[in-house]
Amino acid sequence: MAFTGLIKFHYAKQLTDEPGVGATYDTPKPVGAAISLSETPTTSMTTLYAENGPSETAAANGPTAAEIGVKDLTDEVLADLLGQTINADGVRIQSRNDTAPYVALGFQMTSESGDDAFVWLFKGKFARPSRTANTKGESVEFNTPTITATFISRDFDGEEKATIRKNATNSAITDSWFEAVYEPVPTP
């Protein structure tokens, strides 16, 4: 099935990620109204040649780059995602000493048939967004923000992402997808 829409960007700060202990997250919060998503995993493929031909192929998975476009990024969301502060006057302060926290990013891709996909990327850091703006002329142009992040695997279990397609039997999972970061159930 093809996806026709994108909704419900959420983030949750990662509180712990320790081998033998597990990962914990803050309660998810909305990022802003979703406009676009670009998710680009990195995989390095190498081929070993022997006896005058290809003999083996090996792959190594690297980080996943994500870029999200939203209707608006509030100062509160930016401060959370980038490790910035909001002072007593309500002004967001950017510092060279800011340290972005690890966060999980959740979203929903919608389809006409109703078998939407629900996704959580488990561990990533956002970078300061670039901004463009134009003066208002004869025609209106919307300037909406985009922000990029790099996602990696969690330390405690090596997992990177959870995805589920909605169907008649999993509504208990998909209906509560954005209440907490999904934690995989161990496979027996």
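The values are calculated or read from the model by the stated rules, or taken from the named source; none is laboratory data. Keep in mind the model is a prediction, meaning the values are calculated, not measured. A quick note on method: Cβ atoms are made from the backbone with ideal geometry, for glycine too, and the neighbour counts reach across all protein chains shown. Note: areas computed on protein heavy atoms with side chains; ligands, DNA, RNA excluded. Shrake-Rupley method; radii C 1.70, N 1.55, O 1.52, S 1.80 Å.
Things to note:
- Accessible surface of the chain, 1.4 Å probe: 50 percent of it comes from carbon and sulfur atoms.
- Each residue of segment 117-134 was assigned a 3J(HN,Hα) from its phi angle through the Karplus curve 6.51 cos²θ - 1.76 cosθ + 1.60 (θ = phi - 60°); the sequence is 9, 10, 9, 10, 8, 7, 8, x, 10, 8, 9, 4, x, 8, 9, 10, 8, 10 Hz, with glycine and proline shown as x.
- Linear extension gain, residue 99 paired with residue 141, 0.36 nm per residue minus alpha-carbon span: 11.8 nm
- Of every Cα-Cα pair in segment 44-188, the percent that sits beyond 25 Å: 51 percent
- Net charge, residue 90 excluded, C-beta distance under 14 Å - Lys, Arg +1, Asp, Glu -1: -2
- Solvent-accessible area per residue for segment 87-129 (1.4 angstrom probe, square angstrom): 48 Å²
- Amide H within-cut-off set for residue 155, under 5 Å, with H built and near neighbours excluded: none
- With helices as the sole contributors, the chain gives -1500 deg cm²/dmol at 222 nm; each DSSP H run of n ≥ 4 counts as -39500 (n - 2.57), and the sum is divided by every residue.
- Residue 35 long-range amide H proximity, modeled H, under 5 Å: 69, 70, 71
- A simple packing score, the average count of other Cβ atoms within 10 Å per residue, orders the peptides 52-58, 30-36 as 30-36, 52-58, with the highest score first.
- Spin-label zone in segment 166-183 - amide nitrogen under 15 Å from a point set 7 Å from the Cα of residue 110 along the C-beta vector: 166
- Cα→Cβ-extended label distance, 7 Å offset, between residue 71 and residue 132, nm: 2.2 nm
- Gain on full stretching of the segment that runs from residue 39 to residue 58 - 0.36 nm per residue minus C-alpha separation: 4.6 nm
- Stretching the chain fully between residue 26 and residue 148 yields a gain of 41.9 nm (0.36 nm per residue, less the alpha carbon separation).
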